Amino acid sequence: MTSHAHGEQHTAWASAARAARFLSDVSAIADVEVRKLRRDWTELLTRAVQPTLWLLVFGQVFGRIRAIPTGSVNYLEFLAPGILAQSVLFTAIFYGIAIIWERDLGILQKLLVSPASRGALVLGKAASASVRGLAQTVIIYVLAGVLGVRLRFDVGAVVGVVVAVSLGSAVFSTLSLIVACLVKTRERFMGIGQVLTMPLFFASNAIYPLELMPGWLQTVSRANPLSYLVDALRGLMIAGGHAVFGVALDFAVEIAALGFLVALAAKLYPTVAR
């Protein structure tokens, strides 16, 4: 073997080792976060109250009015993916407060001096947020089924929903982490979190179709990552549902948003400990 070929092989092995180490670090951080969730499932149950009310009250009432055109699906079926996306958003957007809590207890400083890269720390926390999002998915699926929503259960659709929810949870939890890095206090973080959730939700296609919006709001909605999560879920979750943007584009936008936010959060993450 020539020295050039040997060098290339060594580089490949080193890259594979770095990738394996990175994934191991991500898994370790995620496992720590998931263990916290296993000790207290009441948080998931309390967060299920709001989407339950949206489906039971809002969905049923507006379904009777029939004032919103929803194509081949009824309004409750149109709404269910939007409420799942809302649940993902509301669960993930306040995830960053745990970072502030960890900083105040000195836990964050220990993580920052560990060999794990900042990117692995951020992705590990995003992965644990995805577990919370998937737990919410189960709750919404059960409730929607009880209400008579025609759900898809073929393997491809279910896998697609799992991936979409995981990506959406990761996107909004990473956005939450960025906010936590910038504001540093729990009180200010809660205020900003409240300010973010309502505009993201109402400036999306979660509860009404894109074509009903005025032109300026359609532009805002197309720039809103929540719209692409809703669109993907609407195409994958509901029998007869349709993804306006296309599922491939929905996933591409979510992946691009996650990549950008992880890079930004990894750069800002050390500053939260100061």
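Readers should treat all values here as calculations from the given coordinates under stated rules, not as data from a laboratory. On a predicted model such as this, the values are computed, not experimentally measured, just so you know. Cβ placement follows ideal geometry from the backbone for every residue including glycine, while neighbour counts extend to all protein chains displayed.
The table that follows gives values for the structure above.
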item: Sequence of F78, F153, F62 once ranked by neighbouring C-beta atoms within 10 Å, starting from the fewest; result: F153, F62, F78
item: Theoretical gain in end-to-end length, V195 to V159 [0.36 nm per residue, Cα-Cα removed]; result: 9.7 nm
item: For I238, residues with placed amide H under 5 Å, excluding near neighbours; result: R152
item: Taking W54, W216 and counting other C-beta atoms within 10 Å, the order from fewest to most; result: W216, W54
